[in-house]
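> This is the structure, below, for whatever I ask next.
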Amino acid sequence: MRGSVPKSVRSKARNLGLCTLVLGAGALLNQSARALPLAFDFPDAQSVSSATADSPKPSEENLLPSNNAPILAPLSSESNSVTMPLNRYRNLSEAVLLREVGLEPSAQVDVMVEKAMAWVTQSMSAAQRIEFAQSCEQHFSTVVKSMQLNLPALACVPWAMERLNQVVAGRRKPDQTRPSGGGRVRTESELRQSLRGVGFLDAFWRIDPQTPQELTAEAAHVQKLGSDCQYRGTFAALIARAEAFFPDPAALAAVERVYPAAFTCLEPDDDGFERTHLRAGLFRLMNGDAVKARQSLLLSAHAENPEEEFRSLFWLGVIEENASLRSGGGGANEHWDLLRKRYPLTLHSVIAGHRQGQDPLSNAVSSKEAIISRRVGVAWSEYNLAAFFFELLIARKEATHLSAFARYTSRIVDAPNPESLLFLSKCYDTAQAYKIAIGTLTRYFKETQSQGVTLDTLNLFFPRAYTDQILNSTGVVDPVIVLSLIRQESAFDPFARSGADARGLMQLLPSTAAKWLPNAKQELFDPSANVRVGVKYMETLFKRYDGNVEHVLAAYNAGMRNLDKWRQRFPKTNTLMFMDLIPFKETRTYVAIILRNAYWYGRLMAMQRDLVADTLVKKSTQARWRSETVQNLLSIAWELDGSTGKSRMSLSQLYALPANLNLPQPN
């Protein structure tokens, strides 16, 4: 059923009495693979106990599959061997892992592991894959819990992971939000005929005013539709299009002309619901009307499956803080309290926490231990097979295999609970598949409602890699900002390549890097060259934008031409408002995440106090081009100055609103 905003909510919002809504890759070591035949001739179960590391290759007659051979052994029922705190987990040896399933290290195990990885990396011919699958089908045709994992089945573990996964296709639905096309709508009659029942994205591509005059005319056409909610996608689309003409008064007038219909018609599960109300709220706040802004932001926070709720809560808290200060009051700020509870790691939450005198680290870190599950249940599920094989590859120090298996597992295995999500995250991190590890941890934090945030999980979430290259390349640029940017751009994958052909750790286009690299297309995959050129490019941006790191990051992501337009549209003195008004969701998220990364890297490295961490922190504080926002937040956290109260007060300059702000009465 379609969700809806309750009439009582809309009614109260219109009366301005709405109460707070309680909302509800890795590095490759170039390890040589053993040269093995790909004929799928498995040793029989009799050979397992007598095999040794220097065992000769079994004869053909001993390599025939045994249909009656036991395959899967019952998993241990001792919970302390499979479930434990993350900080107590240690990698097991190959011998221990194999004994768990009734095997011993041997040359035959080596053969089976290589065969398994040949399936993973698709290095078999089509005929070999068919033969391999048929052999595995025989071994797993009568699986029961009491079966023992034998050598033939060990080679088939990745194949069995696929077979046991019955919902792969269902997990990966195609993008259904692409516009269906159609010509540009210009007249009122075309609008009525073509856009009735059309969603936000379709309408956005068909409403495309080229001048403020065209925008004004199209807003008038849309206004005549009244409250016909079949056009709600059109209402949201025109408001989005109006942004291109800010700060022209005609643009703000167009938003206010159409917004009442969007206010009435948009439903919480509509594509444009959150965006429309959030943007309208920020426009109104930028224009000095906090009363109307509060209405819009409250509705934005009511979106179904919101993606930017933290922004709505932050600015609602700003309005609440300003109203309280004007009335001479103080005390609790319900919206900021909710922001810190739900989104403790965001930049907005960090700023709100320090403004309230609350330590974001103490607020974020749970008092509970983070628990992992090496196995779940006593049956060989796809997860248990993946977890066992992951541990086996880690024990064998198979770096190249680990990277390939990490990518394979991330595509086909779904962890059944948060504890298994955390275990997979740890395995991905060990495999240096940082992008997958970060994505899995993000889901873990969401499923645990941030209760899984601990110092151990934070250190997994903010990995440090390629620090030598960063320290060798940064001089005047803050190395922690570079580290934070690499985490966001490539997740430390030196071979990352985007659809736009951006390459390497810092995702540079060959055309951009050509100024410093003669053979940019190839050299950008070299970590040292990539970081060196990326820092050089950042230096040019810092010079162009007077050292404003927020603007530098926006230009790095969206291009200088787009940033120059936004600098003309939006207030540059209000740092947080400028960031949140960036029209491209990807870019406004990008800037906020990199600054957030820099803050949490600073906090964690100050606690670790190893040589690399100390060097990074020292160079960060001494850098010419750095984020004053992050340095101020860290200064407060570290209590480096004697006037932390004054420093906290200075944070309000990051989101300072107009002096003549029209404020609601405090609750």
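The values are calculated or read from the model by the stated rules, or taken from the named source; none is laboratory data. Note that the structure is a prediction, hence the values are computed from the model and not measured. Note: ideal-geometry Cβ built from the backbone for every residue, glycine included; neighbour counts use all protein chains shown. Side chains are part of the model used for accessible areas, which takes the heavy atoms of the whole protein and leaves out ligands, DNA and RNA. Shrake-Rupley method; radii C 1.70, N 1.55, O 1.52, S 1.80 Å.
> What is the number of the single condition among (1) over 22 Å from the mean Cα position of the chain (by Cα); (2) farther than 24 Å from residue 628 by Cβ; (3) surrounded by fewer than 20 Cβ atoms within 10 Å (Cβ to Cβ) that residue 585 does not meet?
The failed condition is (1).
> Just need a number here: residues in segment 398-438 that are assigned to a loop (DSSP other than H, G, I, E, B) and more than 16 Å from the chain's Cα centre (by Cα).
Counting residues in segment 398-438 that are assigned to a loop (DSSP other than H, G, I, E, B) and more than 16 Å from the chain's Cα centre (by Cα) gives 8.
> Of all residues in segment 417-451 being farther than 21 Å from residue 400 by Cβ and of a type in the set (D, E, K, R), which is most open to solvent (accessible area, probe 1.4 Å)?
Across segment 417-451, the extreme among qualifying residues is 446.
> Surrounded by 15 or more Cβ atoms within 10 Å (Cβ to Cβ) and over 24 Å from residue 582 (Cα atoms): is that true of residue 517 in this structure?
Spelling it out, residue 517 is indeed surrounded by 15 or more Cβ atoms within 10 Å (Cβ to Cβ) and over 24 Å from residue 582 (Cα atoms).
> For segment 478-495, how many residues meet the condition of being β-branched (Val, Ile, Thr) and either on the phi > 0 side of the Ramachandran plot or touching an Asp or Glu at 6+ places or on another chain (Cβ under 6 Å) (or both)?
Number of matching residues: 0.
> Has segment 298-305 got any residue that is in a loop (DSSP other than H, G, I, E, B), in contact with a strand residue (DSSP E or B) (Cβ under 9 Å, 6 or more places away or on another chain) and either open to solvent by 50 Å² or more (accessible area, probe 1.4 Å) or not small (Gly, Ala, Ser) (or both)?
Checking segment 298-305: not a single residue is in a loop (DSSP other than H, G, I, E, B), in contact with a strand residue (DSSP E or B) (Cβ under 9 Å, 6 or more places away or on another chain) and either open to solvent by 50 Å² or more (accessible area, probe 1.4 Å) or not small (Gly, Ala, Ser) (or both).
> Same structure again: What are the pairs with Cβ atoms under 7 angstrom where one residue, in segment 271-289, is closer than 21 Å to residue 323 by Cα and the other, located anywhere, is of a type in the set (Lys, Arg) and open to solvent by 10 Å² or more (accessible area, probe 1.4 Å)? Sequence gap at least six, or different chains.
284/292
> Looking only at segment 254-297, which residues are open to solvent by 10 Å² or more (accessible area, probe 1.4 Å) and basic (Lys, Arg)?
Passing the criteria: 257, 275, 284, 292, 294.
> Restricting to helices (runs of 4 or more DSSP H) lying wholly in segment 452-512: which have 2 or more residues that are under 30 Å from residue 422 (Cα atoms), open to solvent by 30 Å² or more (accessible area, probe 1.4 Å) and not polar (S, T, N, Q)?
In segment 452-512, the matching helices (runs of 4 or more DSSP H) lie at 455-461.
> Can you give me the ranges of the helices (runs of 4 or more DSSP H) entirely in segment 308-386 with at least 1 residues that are open to solvent by less than 40 Å² (accessible area, probe 1.4 Å), of a type in the set (Lys, Arg) and out of contact with any Asp or Glu (no Cβ under 9 Å at 6 or more places or on another chain)?
334-342
> May I pose another question? Would you confirm whether or not segment 261-271 contains a residue that is in contact with a Cys (Cβ under 9 Å, 6 or more places away or on another chain), hydroxyl-bearing (Ser, Thr, Tyr) and more than 23 Å from residue 656 (Cα to Cα)?
yes
> Just to verify a result, which residue in segment 526-558, among those that are in contact with a Phe, Trp or Tyr (Cβ under 6 Å, 6 or more places away or on another chain), over 21 Å from residue 585 (Cβ atoms) and not aliphatic (A, V, I, L, M), is least open to solvent (accessible area, probe 1.4 Å)?
542
> Next question, about the same structure. Looking at segment 201-249, which of its residues are more than 31 Å from the chain's Cα centre (by Cα), among the small types (Gly, Ala, Ser) and closer than 20 Å to residue 278 by Cα?
Correct list: 219 only.
> Next up: When the residues of segment 183-199 are filtered to those that are more than 17 Å from residue 219 (Cα to Cα) and loosely packed, with under 14 Cβ neighbours inside 10 Å, which remaining residue is modelled with the lowest pLDDT?
183
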